[in-house]
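These notes concern the structure reproduced below.
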Amino acid sequence: AVQDVVDAVNWAKANHPVDGDRVYAMGSSGGGHMTLLMAGRHPSIWAGCCAFCPPSDLALWHPRSKALGHGYWKHLELACGGTPDEKPEEYARRSAVTYLGSAKEAGVNVMIATGIHDGHTGKGSVPVSQAMRAFNALADEKDRIAEETMNYIDENEKVPQAELFTGHDPFYSGDRRADLKRTSGNAQVTIFEGGHGGISEAGFYWLARQRRGVKADWTLPGSVGGAGYSESAK
């Protein structure tokens with residue numbers, strides 16, 4: 001599937017007037033997983049990659065999926081040939097966190113966002129910590145989110161007071177306000193009030209400002225009108 005994406009990009013470049021410095025990837029859920037895989041496995045292609053509610057470490061997602069009663073753990077075992085204990089190398093091979101160090105080294109601009117209630121019964125299938133772990137793989141050590149903070153957010157569906165975002169992001173405001181926002185160089189993660197989904201307009205606005213090989217542009221507009229929100233509680 002990864003090679004299919006590469007082939008599609010190469011076909012578009014060969015058959016259309018594509019600006020090679022403005023090729024982008026964006027997806028949510030499984031598409032977010034693929035977006036992060038593409039950033040790590042083929043970092044030379046992308047000007048920017050935007051992933052919403054992405055699984056990033058499949059070995060850690062497997063038991064949580066099983067506990068939530070979703071069927072994804074069964075799909076993981078079929079794809080990987082067993083459980084994480086039985087096939088750790090296969091779970092690692094298919095996990096974005098394995099490759100995101102290459103994206104960091106190459107300077108790929110990556111935006112990640114997910115709803116704080118994702119990964120809880122009836123609210124979504126991917127624990128919030130999966131997005132934060134992807135960010136940590138891209139961030140400088142001093143900017144990474146602590147393990148205890150990720151566990152607290154996963155368990156309590158809220159951000160510790162000391163970590164609360166106090167700035168203004170017009171895409172994530174009001175009922176969908178940003179609870180946590182952390183930026184490190186070319187990577188950013190936003191945890192907002194919501195479930196398994198993201199705000200596509202935030203992704204499109206950000207991607208349009210990125211250029212391959214240029215430091216990430218995190219500039220926000222002063223206001224936005226009618227930002228669309230997509231959510232799928234799987």
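What the table shows:
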| item | result |
| --- | --- |
| Compactness index (Cα Rg / 2.2 N^0.38 Å), region 1-67 | 1.28 |
| Cα extents of the chain along the three principal axes, largest first (Å) | 48, 43, 33 |
| Overall form of region 177-228 per C-alpha gyration tensor (a/c, 1.5; a/b vs b/c) | oblate |
| Which listed pairs, of 66/87; 74/215; 87/215; 123/181, have C-alpha distances above 28 Å, in listed order | 74/215; 87/215 |
| Between region 96-124 and region 1-64, the Cα center-to-center distance that results, in Å | 12 |
| Calculated SAXS-style log₁₀ I(q)/I(0) at q = 0.09, 0.16, 0.20 Å⁻¹ - region 1-116, Debye, Cα scatterers | -0.27, -0.77, -1.08 |
| Mean projected area (nm²) of the alpha-carbon convex hull when region 84-186 is viewed from all directions | 8.0 |
| Relative contact order %, the chain, counting alpha carbon pairs below 8 Å whose residues are six or more apart | 22 |
| Sum of -39500 (n - 2.57) over DSSP H runs of 4+, divided by residues of the chain (222 nm, nearest 500) | -11000 deg cm²/dmol |
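All of the numbers you see were taken from the coordinates with simple rules; none came from a lab. Remember, it's a predicted structure, so these values are computed and weren't measured experimentally.
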